[in-house]
Amino acid sequence: MSIQTLRVRLKRLTPPPRPVIGEDLHRDAHRRRELSDKRWRKGLTAAQKKELAALDAYFEHRDLELKRKMELWSKYAKVYSGGEPLTDAERIELEELEKRYAAPPEPPRPNERFALALKEALEKCERGEYSGARYNKG
């Protein structure tokens, strides 16, 4: 065997690199939920326990800030039932947390995408923006 052939075989046998925690927030959050659910249903292997511990450590600061955001929202909502209003510092903190942890819009699912396109096309037909007799109702 040539050296090149051995390198190709070695490359094929080398496992792909594991994903690095912190590169993809959505993937990490999904994996954390998956492992947490599995922990209660079937139990985890030692490697999975280690991975879950690393994910929990990574999300610890985020979890604390989201908990604080919910506490401030709760206090804000209690104002309408006779609670104390937020102080200026709390209001500023809540605004900062809202900006930092605003939920990104979810991408539309394939069927929703088709439904939105169809809806837009129908609206254009009704406004008369399509030319041609088959699109105009008349």
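Net charge near Ile3: determine it from the other residues with C-beta under 14 Å of the C-beta of Ile3, scoring Lys and Arg +1 and Asp and Glu -1. Intermediate values should be presented prior to the final figure.
Values: positive: Arg7, Arg9, Lys11; negative: none.
Result for the local shell: +3.
Please order Phe114, Phe59 by the number of other Cβ within 10 Å, starting at the fewest.
Details: Phe114 11, Phe59 17.
In increasing order of surrounding Cβ atoms, one gets Phe114, Phe59.
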_Please enumerate, by chain and number, the aspartates and glutamates with C-alpha under 17 Å from the C-alpha of Lys119, excluding those fewer than 8 residues away in the same chain._
Glu129
*Run down the aspartates and glutamates and flag those whose C-alpha is under 17 Å from the C-alpha of Lys78, throwing out any fewer than 8 positions away in its chain.*
Asp88, Glu90
*Evaluate the distance, in nm, between pseudo-label points positioned 7 Å from the Cα of Lys42 and of Arg127 along their respective Cα→Cβ axes.*
5.2 nm
*When we measure straight from the Cα of Lys49, which lysines land under 17 angstrom away, once same-chain ones fewer than 8 places off are left out?*
Lys38
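Work out, step by step, the length gained on full extension between Ala54 and Leu116: first 0.36 nm times the residue separation, then minus their alpha carbon distance; give nm to one decimal. Numbers along the way, then the final one.
On the way: separation 62, 0.36 × 62 = 22.32 nm, distance 4.04 nm.
Taking Ala54 through Leu116 to full extension adds about 18.3 nm, to one decimal.
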*Which one is right for this structure if volume of the Cα convex hull per residue in Å³ is calculated from it: (i) 338; (ii) 122; (iii) 106?*
(i)
*With r as the distance between the Cβ atoms of Glu98 and His61 and R0 = 22 Å, compute the FRET efficiency 1/(1 + (r/R0)^6) and round to 0.05.*
0.85
*asked:* How far apart, in nanometres, would the label points at Arg7 and Ser81 be if each is projected 7 angstrom from Cα along the Cα-to-Cβ direction?
replied: 6.9 nm
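None of the figures in this text is laboratory data; all of them are computed from the coordinates on show. These numbers were taken from a predicted model, which means no experiment stands behind them. Reconstructed Cβ throughout: ideal geometry from the backbone, glycine too, with neighbour counts over all protein chains shown.
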